[in-house]
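Structure first, then comments.
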Amino acid sequence: MISLIPIVVALPLAGFLILGLFGSRMRSETVIGTLGSATVGISFAVASAIFVEMLGMDPIDRKQIVQLFTWISTTTDTPSSFSVPVAYQVDQLSILMTLIVTGVGFLIHVYSIGYMHGDKGFWRYFAYLNLFIFAMLNLVLSDNFLLMFLGWEGVGLCSYLLIGFWYEKKFTGDAAKKAFVVNRIGDFGFLLGMLLIFDRFGSLSFDTVFGSASVLSVGTPVLMWITLLLFVGAVGKSAQIPLYIWLPDAMAGPTPVSALIHAATMVTAGVYMVARCSILFALAPTTLEIVAIIGGLTAIFAASIGLVQNDIKKVLAYSTVSQLGYMFLAMGVAAFGAGIFHLMTHAFFKALLFLGSGAVIHAMHAEQDIQKMGGLKKYLPVTYWTFLLAAIAISGIPPFSGFFSKDEILWKTFSSPYGSVVLWGVAVLGAALTAFYMFRLVSLTFGGDERFGKHHHPHEAPKTMTIPLMVLAALSVIGGFVGIPPSLLGGNAIEHWLDPVFASANAKLGLGGHEIHAIEYVLMALSVGIAAAAIYASRTVYLKRHEIAEQLKNRYARFYNVLWNKYYVDEGIDKAIVNPTVLASESLLWKGFDVGIIDGVVNGSAKLMAVAAGWIRRMQTGVVQQYAVFFVGGIIAIIFWLVLN
Amino acid sequence: MLTENILTLTIFFPLLGFAVLLFVSRERASMIKLIGLITTLITFGLSLVLYFGFDDQAAGFQFQHQQVWIAGLNISYFVGIDGMALLLIVLTTFLTPLALLGTWESITHRIKEYTLMILLLEVGMIGVFAALDLFLFYVFWELILIPMYFIIGVWGGKDRIYAAVKFFLFTLFGSLLMLVAILALGYLASQYPGGQFTMNLLELYGIGPRLPAVLQGWLFAAFALSFAIKVPLFPFHTWLPDAHVQAPTAGSVILAGVLLKMGTYGFIRFCLPLFPTASVSFMPSISVLAIIGILYGALVAMVQTDIKKLVAYSSVSHLGFVVLGIFSMTEEGMQGAIIQMVNHGLSTGALFLIVGMIYDRAHTRMITDFGGVAKVMPVFATIFMIVSFSSIGLPGLNGFVGEFLILLGAFKSKFLNSYSYAAFSALGVILAAVYMLWSYQRVMLGPVREGGLYGGHTLSDLSVREIVTYVPIILFIVWIGVYPSTFLSKSAQTTKQVVRIMEDTQRGSKTGTAEVIERQTVRSSNQLIPEQ
């Protein structure tokens, strides 16, 4: 079965090619939508079959590599030369990612049939979406860094295409370009990291590199550089400080795209990459520390911005940045399994939140300002209830999925030798902020009075949209049960499943299993209590006592403005980097150096020639007497010269 | 018989079309165009015979053909190709018919002379890549200047005369110094015991590396200057934007697609193997210039207002990568450089076609005159998008393969011996995304102009003929991106040999420094060539 993995990858590619080449001539949305969804759906089915088969295998046999062909190779005969294959590695981690990508991806494809109904770019949309799934599968299934990079940049391309999908609007083009360029800054790090890896290990294949690395000692400097460079890539792709700036703008794309690419799958690629390279990071404690700090900071930084935004998608975007911060926090404290667990549950509830917001936007005819909504509960019951479940899940209320994954991260942050109480405190603060802004969002959108005009007649979305919502809602509720910790009498199946992948990293770090401590219960109760209190406060303010929000806003106007303007980061970057670069390139390099100096020298010497020629030309007057003077003068000069010598 | 002459036939086949055209009345425009197209297509077919008859595994030059030309000076008509030459010849014969096809209706006056010039140009280009006699090489090298000068000067834009003269003088300046160096090299060969004046490259390969370091340095400098201008390497690049902007589309396509590669080809074919010691000592400075070119070209491209100039400056950036790859003197870097020459020919050739097609419609190239074109020209938008990402170096398309191998070579190079070369040049990868996507956005995205008018014209999407022009280019853009081995395997032997020479030289210079110094002292005492 595992040998069928190329089919899983190839199906979405086939979908892309068919839709890309012939889609414009397909008249029926049903055909296009069914084709686009079916390729991903069948991929999911095949991946599931592989997964089921793997469940029955001995853990050692679960990892297999399927080799397809040589991709880039400098020569054919010398073994030491550079050679990288197209090869897929199926193991516990990659199959889990494949299931998330194709599973959530399939649901979002189905949802899109309803959401994109009537759009003239319908075929184009599904072609891009299929291409995205293809690229993402390459990213997670690759057995080497280079093919992973292909997927990595490939998803970036699809992100670019889909953010700018409605290209006739000015801001979509800006947002798309910003996303690609900022990601490229990250990719620059990834690229250099790969170069350093190949220079040191002579290979880019995971097996070889991780095998050679595992005999090195903790703290080897080159590993610190490698992991830092790779992490730069992760920071770009997964929107962490300081490269998060593209993600909120990326909301310019269609909402299902935000759900799939900018919440559930692509943005988690950085987390996946760190997890995949866990052995490298485990050997670089300095990097781990940096990862944890960046993750923790991003978690509260983005959450704080989310507190005041009024665009329903912007709130969710900052929430995503924040949740990704949690995942990196987990990576940084070497809780790789917990991070991947949260990646999975987040894929469920965040995709659901975005799809729910899509249903709202759909119902409100493209209105995204939550201040102009309210009271939608009765018009959109399915959307409301599923959205609410997702909000509870992300807030970390038991027994919803988010509780288990977030709690695992919090506990590891506290207990891991790489964690600390400070980081734990940051994470709990982030959790409180999350619960608060999520219920602000729920309350303002669905609760309270109707603040939209009479011309709006909100209506529930069609079945193609509500069914994916319900499936994701179910997953958001029960998805955490695969990771119930021993302290709550669970087996933490997901972490055991992933254990072999992180075994060598954990061995290096000297991390054992999850032991039961009394303090764990205390912390658990504390974080749940804080989240519940935040929900209560939020509901009180935004459902009953609106004036509190206004008062706070006025009293702390300066602080509010900083949050409202997202800490002025975009403006700062424009002023400090973008504008000076453009200005210097134009006036100094181009008009100054190129046109001024180089061409000045060239044209100057040409002019000099012309002037000199002009002078010499004057000697040719045609007056014979003058020539005679030159002639005699020349003879005299020669005689003088001879005499003097 | 055929294998011996097939290369010669390929080189001179365009002359047959040239001869036929002389007898066609200038009124019959479409007939003239058709003859031009068919001639170049057959030439492409002939080059495919070379391609499929080529043995990847064999070292050295294949399809060799030698005929005495000027016996007294040991000058001969001597041609032959290795994998690198093969790839560049096929690139030439591939791009020439496409350049004609893509600009079928762009040229409206003196069509006959125009077609003649293109055919003559093709002879020169193939000849440059095939010549194994330095004198013959020089003849082909200079032959190219004449048709190119006329193409820019007669069929060019507003400032065509300035651009044509600038192009001519820049390149002539470089090549005259090269001529001196070629003659000096031939003469030096005769100074060895039993030696005689020769222009045979294969014999000179044995002479050049034995020359003392200082002498090598001068000869290298003369050759390198000529190549650097052609590439163009920063700061010798300022002829390029002018030439490109003024040249007609087909001229730009050929100029960027093939002519620039003559410079980088020259570095690998002549500079490195003939003067390895000098190459090693010049390497840091040339690599630095290459990196400046990568970043400088990209930054200046970013702020251009004329799309064509933007593409021209992007060439400076891309060719900087090629030069860096060559001077990394590693297998990866050089393989990357060779494939990147092909890549640049495909993607920048296509970009110039794109600019030409939009100029034919709107009669303007100013970025600010556009916006929202994707809406009115959807097929064009898709092609432009693919080519842009090829140029940006997206993995899965051709540009990435070259760029990555070059960076890898620069990174691990024992010669450069510093990570900073690769690190700085990799910044170019970010900038490429900036200038390509920004220009794409400003031209193609956003709302459609009022009334759908661009420069006062409405735009129609690509015709079938225009689409047909792009299909083969895009096919290769994807092919090289997905399965580059087809092409990398061709140039593997070339690379291996040059790298071996360079590595031997470095080893020699490390162990035998004292010896080299001694030799140099001998030379300075009024003796041109030391006894060996």
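Derivation of every value follows stated rules applied to the coordinates shown; laboratory data play no part. Note that the coordinates shown come from a computational prediction; the quantities given were computed from them, not determined experimentally. Please note: Cβ atoms are built from the backbone with ideal geometry, for glycine as well, and neighbour counts cover all protein chains shown.
List of remarks:
- Averaged over the residues of peptide A:428-437, the number of Cβ atoms from other protein chains lying within 10 Å of each residue's Cβ is 0.
- Cα-based equivalent ellipsoid of the protein assembly as shown: semi-axis lengths in Å, sorted from largest, via gyration tensor: 60, 34, 28
- Rounded to whole numbers, the Karplus 3J(HN,Hα) couplings from phi for the range A:158-166 are 5, 4, 4, 5, 7, 5, x, 4, 8 Hz, using 6.51 cos²θ - 1.76 cosθ + 1.60 with θ = phi - 60°, and x at Gly and Pro.
- Rounded to the nearest 20 debye, dipole of the protein assembly as shown from Cβ charges on Lys, Arg, Asp, Glu: 2340 debye
- Selection among A:V84, A:G453, A:N565 by position relative to the dipole of chain A gives A:G453 as farthest towards the positive end (Cβ unit charges, Cα centre).
- Selected from B:T486, B:F52, B:I229, residue furthest toward positive end of dipole (the protein assembly as shown; charges at beta carbon): B:I229
- For the range A:159-313, a crude dipole built from +1 on the beta carbon of Lys and Arg and -1 on the beta carbon of Asp and Glu, taken about the Cα centre, is about 200 debye to the nearest 20.
- A simple spin-label model places pseudo-atoms 7 Å from Cα toward Cβ; at A:D449 and B:L202 they are separated by 9.5 nm.
- DSSP beta bridges confined to the protein assembly as shown are antiparallel in about 95 percent of cases.
- Descending principal axes extents, the range B:144-243, alpha-carbon based, whole Å: 57, 25, 17
- Calculated from backbone phi, Karplus (6.51, -1.76, 1.60) coupling profile of the range B:106-121 in Hz, x at Gly/Pro: 6, 8, 10, 10, 6, 5, 5, 4, 4, 5, 4, 5, 4, 5, 4, 4
- Computed from the C-alpha gyration tensor, the three semi-axes of the ellipsoid equivalent to chain A are 54, 33, 27 Å, from longest to shortest.
- Unsatisfied cross-links (Cα-Cα over 30 Å) in the set A:K378/B:K375; A:K177/A:K454; A:K177/B:K496; A:K177/B:K33; A:K406/A:K508; B:K308/B:K414: A:K378/B:K375; A:K177/A:K454; A:K177/B:K496; A:K177/B:K33; B:K308/B:K414
- Stokes-Einstein, applied to the Kirkwood radius of the range B:355-397 over Cα pairs at a viscosity of 0.692 mPa s and 37 °C, places its translational diffusion at 287 µm² s⁻¹.
- The 3J(HN,Hα) values that the Karplus relation (6.51, -1.76, 1.60; θ = phi - 60°) gives for the range A:108-125 are, in residue order, 6, 4, 4, 4, 5, 4, x, 5, 8, 3, x, 6, 6, x, 3, 5, 4, 4 Hz. Gly and Pro appear as x.
- Legend: mean number of C-beta atoms from other chains within 10 angstrom of residue C-beta atoms, peptide B:431-438, equals 5.
- Exposed-loop-free span, longest in chain B, where GluC sites (Glu not before Pro) count as exposed if DSSP calls them loop and at most 13 other C-beta atoms lie within 10 Å: B:106-530
- A Cβ-based charge dipole, computed about the Cα centre of chain B with Lys and Arg at +1 and Asp and Glu at -1, lands at about 680 debye.
- Per DSSP, loop trypsin sites (Lys or Arg not before Pro) in the range A:156-244 with at most 16 further Cβ within 10 Å: A:K169
- Computed across chain B, the Kirkwood radius stands at 23.4 Å (inverse of mean 1/r, all Cα pairs).
- Expressed as a fraction of 2.2 N^0.38 Å, the C-alpha radius of gyration for the range B:16-80 is 1.64.
- Each of A:P486, A:L230, A:Y244 was placed along the dipole of the protein assembly as shown (beta-carbon charges, centred on the mean Cα), and the one lying farthest toward the positive end is A:Y244.
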